[in-house]
């Protein structure tokens, strides 16, 4: 994690091939917000769950949620999610995966169909925003099970 002298902005990086070439961080903390960049359904750096928008959504969100961990945050801190789909036919499967992970949390959410992704095997990419609040820090236990995985 990189920390500025004033500790106002911290970044979290991972081993994504795109971070250096594009110039971005996996997650950025600015004050009480942590923003997680677009995250793909990767396992071990490889696109996983090919052909399954449901499984890809679960994996992508688990990867995005794992990026919150270095900041001491989890699913219960998520206030906004975004899902980018390559096919409108996948709306129900992607929505079902989102509901399983965030049913109790109910973040503000956007789902958009896009022209495609940098890898044609990818069916969904996700982003999330989390908020650190003293009031919510005690609300542990809302995190989905097994929140591990690689990020894009």
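Legend: ranking of residues 90, 32 from fewest to most surrounding C-beta atoms inside 10 Å; resulting order 32, 90.
For the pair residue 80 and residue 113, the difference between a 0.36 nm per residue extended length and the Cα-Cα distance amounts to 10.1 nm. With neighbour counts taken as other beta-carbon atoms within 10 Å, the residues 83, 111 rank, fewest first, as 111, 83.
Stretching residue 132 away from residue 106 to a fully extended chain increases their span by 7.8 nm, per 0.36 nm per residue minus the current alpha-carbon distance.
Where a number appears in this text, it was derived from the coordinates with a stated rule and is not lab data. These numbers were taken from a predicted model, which means no experiment stands behind them. Note that each Cβ is placed from the backbone with ideal geometry, even for glycine, and that neighbours are counted across all protein chains shown.
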